[in-house]
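Worksheet: the structure to be examined is printed underneath.
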Amino acid sequence: MNLMFISNEDRDDTWCECLQAELHDVAFYTWPIDSNAINPLDIDYVLAWKPPSGVIKKFPNIKAILSLGAGIDGITCDPELPTDKPIVRLVDDSLSQGMTHFIVYWTIHHHRDMDKYQILEASKTWAQLPQVDASHRRVGILGLGELGASAGRALASLQFNVAGWSQSEKKIDGVTSYFGDDGLPAFLAHSEILICLLPLTDATTGIVNAKLLSQLPKNSVFINCARGGHVVDDDLLAALDQNHLSKVVLDVFNTEPLPTDHPYWKHPKVTVTPHIAALTAPHSGAKYVAENIRRIERGEVPMNLIDLTKGY
Ligand code: NDP
Ligand code: OXD
């Protein structure tokens, strides 16, 4: 079987090695290819992260589009994407672990006032700030899917007062479930630390705007680990400058890499990280991709198939 790898951000040599260790009969090609290397009609699978527009349609006989990431917005934004091919997203323990660690780290950082201690340290000031019980710290997670649920469970196990918002109701120990448009206002009023882990879809683009931010408690912290497109940047900067939000941690941006002249870089209340909240690990990711290929080859439904009507 023939697989075409399309990504400027992932290592094709490592993926080739890991995938061929799982599937001995897979011939691995990296886009762009020499047109003599393989006939595009003979490609069975595309494994991709942000493929350039119009490339996937060059392989009309593929059985599935396998995403190298959990989010598939970088694939579905292709205006020429064939609509009759199944798209499968990546779900992987190492991705959930990386995301959970990132969220727990920044939640505790802000819960325990670490930024304030850094300022005190700079002026050699020995001062102890009040310590708030985790059970009194209200954390809200927008999106309670694979990654949101994993982070929610971890925060609940550390005694934080955790709520989540999703499309449908969830039952997760220690996590209060809010859902649908009707559930959003009460969820936001709860969220002193708001974390975004939604997929980027038509319904969620620009969801973190002035209206949403105004419903958060004053001095809230916002952590975005999902996509830059969820945020209206000017509204977020205004909420910071009006002291409605106290701090923001941004791992994802409307334009990546974040342009060097973007105000986020120098804003004293913004922490910027370069889309590293959770990185896809080829060693475990390849096992998952291989299992999905085996399922498709056996005529079974692959795991974590995208529902294009919902967009995730
Ligand atoms: P899932 O598809 O498992 O979960 C998505 C969640 O969002 C679900 O709970 C879903 O609700 C909810 N949701 C979707 N649309 C709406 C809506 N309109 N209103 C309310 N809730 C909604 O995704 P993952 O958890 O695997 O990943 C989430 C995102 O994280 C990815 O799409 C990607 O953008 C981002 N990501 C970022 C990384 C980084 O390094 N920064 C790394 C990996 C992923 P329901 O369950 O009811 O359907
Ligand atoms: C993903 C990502 O979606 O890394 O997997 O952003």
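Laboratory data are not the source of any read-out in this text; all were calculated from the coordinates shown. Note that this is a predicted model, so its numbers are computed, not measured. For neighbour counting, all protein chains shown are included, and Cβ atoms are generated from backbone atoms with ideal geometry for every residue, glycine included.
Under the Karplus relation 6.51 cos²θ - 1.76 cosθ + 1.60, θ = phi - 60°, what is the ordered set of whole-Hz ³J(HN,Hα) values for the range 258-275, x standing for Gly and Pro?
4, x, 5, 9, 6, x, 4, 4, 9, 5, x, 9, 10, 9, 10, 10, x, 6
Considering the chain as a Gaussian network with a 10 Å cut-off on Cα pairs, which listed residue, 261, 251, 12, attains the greatest mean-square fluctuation?
Greatest mean-square fluctuation among the candidates belongs to 261.
Once the dipole of the chain is set up with Lys and Arg at +1 and Asp and Glu at -1 on Cβ about the Cα centre, which of 32, 250, 114 lies farthest towards its positive end?
Sorting the options by dipole projection puts first 114.
Which value in deg cm²/dmol, rounded to the nearest 500, describes the helix-derived mean residue ellipticity at 222 nm for the chain, given -39,500 (n - 2.57) per DSSP H run of n ≥ 4 and division by the residue count? Write down the numbers at each step before the final one.
Details: 9 runs with 96 residues, N = 312.
The helix-only estimate for the chain comes to -9000 deg cm²/dmol at 222 nm.
Could you give the nm distance between label points at residue 136 and residue 298, where each point is 7 Å from its Cα heading toward the beta carbon?
In this crude spin-label approximation the distance works out to 5.4 nm.
How fast does the range 97-177 diffuse by Stokes-Einstein, in µm²/s, taking the Kirkwood radius from C-alpha pairs at 20 °C and 1.002 mPa s?
156
I'd like the per residue volume of the convex hull spanned by the Cα atoms of the chain, given in cubic angstrom. Provide the component values of the computation, followed by the final result.
Working: hull volume 47.5 nm³, N = 312.
Hull volume normalised by residue count: 152 Å³.
Taking only Cα atoms, what is the 0 to 90° angle, nearest 10, from helix 93-111's long axis to the longest principal axis of the chain?
Rounded to the nearest ten degrees, it is 10.
Would you please state the base-10 log of I(q)/I(0) at q = 0.29 1/Å for the range 29-73, with intensities from the Debye formula using one equal scatterer on every alpha carbon?
Log10 I(q)/I(0), no solvent term: -1.25.
Between 0 and 90 degrees, rounded to the nearest ten: what's the tilt of helix 180-190 against the longest Cα principal axis of the chain?
Long axis of 180-190 versus the principal axis of the chain: about 40 degrees.
So how tilted is helix 12-22 from the main axis of the chain? Cα-based, degrees 0 to 90, rounded to 10.
For helix 12-22, the angle is close to 70 degrees.
Exceeding 31 Å between C-alpha atoms, which entries from my cross-link table qualify? They are 124/269; 266/310; 50/266; 211/310; 85/287. If you can, show how the numbers build up before the last one.
Numbers: 124/269 21 Å; 266/310 37 Å; 50/266 28 Å; 211/310 24 Å; 85/287 22 Å.
Among 124/269; 266/310; 50/266; 211/310; 85/287, the Cα-Cα distance tops 31 Å for 266/310.
Rounded to the nearest 0.05, what FRET efficiency do residue 116 and residue 41 give with R0 = 51 Å and r taken as the Cβ-Cβ distance? Could you check?
0.25
Let me know the Kirkwood hydrodynamic radius for the range 270-312, please, with Cα pairs as the basis and the value in Å to one decimal.
By the Kirkwood definition, the hydrodynamic radius is 13.0 Å.
At 4 °C and 1.567 mPa s, grab the translational diffusion coefficient of the range 132-250 from Stokes-Einstein with a Kirkwood Rh over Cα pairs, rounded to a whole number in µm² per second.
Estimated diffusion coefficient is 92 µm²/s.
Can you give the Rg to Rh ratio for the range 1-134, taking only C-alpha atoms and Rh from Kirkwood?
Value, to two decimals: 1.24.
Running a GNM on the chain with Cα contacts under 10 Å, which residue among 195, 72, 38 ends up with the highest mean-square fluctuation?
38
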